[in-house]
Amino acid sequence: LAGLKLSAGGKPLKWTRDEYDVYAFHVDVPAGVSSIDADFQYLSSRDGGYEMTDRMLDLEWNKVALYPAGYFSRDITFAPSVTLPHGWQLGSALEPIGQAKLSSTGDTTTFKPVPFNTLVDSPIYAGQYFKRVDLTPKGGAPVHLDVVADAPKYLEMTPGQLQAHRALVAEATTLFGSHHYDHYDFL
């Protein structure tokens, strides 16, 4: 985390890092402030696989989110958004509510507000080469397989691979007797 700037209503807020916990910040919040804007950069490590390349992104919200201490995560609502390079597509369990093109920084997608515990359980896979495959069983809730790749050739699926993924969805519904989702995205 670098370059942290906090503000409320367009006015900067003073903050300090906790003396003992490097993940905690102390912020002077004026009375009447109901939301805080945070601007910072996330410095991605290369350990344990990729998080971002020039063609793909694996965004885990818990690595790029700040939240107030002392509250249940289910009681903290976030209105997430992400800006990706022009032309990139994304897959996520989050539900988009709009997309606006920004000429200098990329394309921004805004999602429906969700509790923090839902946000951190809803990563985004995005990339220059992206394919969304419909796996929805007849009469069932929408199910998709969202695939991101280094090159277009890696997005191709054989009929057997497609059938195996469709069967997985049907078999899960048969096994559990129902589904507890409005839509499902395999990433």
* Pick from region 125-154 the residues that are small (Gly, Ala, Ser) and open to solvent by less than 20 Å² (accessible area, probe 1.4 Å): which of them is nearest to Thr109 (Cα to Cα)? -> Ala126
* Criterion: assigned to a helix (DSSP H, G or I) and touching a strand residue (DSSP E or B) at 6+ places or on another chain (Cβ under 9 Å) - qualifying residue of Thr118, Thr108 -> Thr118
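Results for (1) part of a helix (DSSP H, G or I); (2) touching a residue at least 40 places away in the same chain (Cβ under 8 Å); (3) under 19 Å from Phe130 (Cα atoms), shown as yes or no for each residue.
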site	(1), (2), (3)
Leu145	no, yes, yes
Tyr154	yes, no, yes
Ala164	yes, no, no
Tyr181	no, yes, no
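The values are calculated or read from the model by the stated rules, or taken from the named source; none is laboratory data. Small disclaimer: the values here were computed from a predicted structure and weren't measured. Every residue, glycine among them, receives a Cβ derived from its backbone with ideal geometry; neighbour counts consider all protein chains shown. Keep in mind that these areas ignore ligands, DNA and RNA; they rest on the heavy atoms of the full protein, side chains included. Shrake-Rupley method; radii C 1.70, N 1.55, O 1.52, S 1.80 Å.
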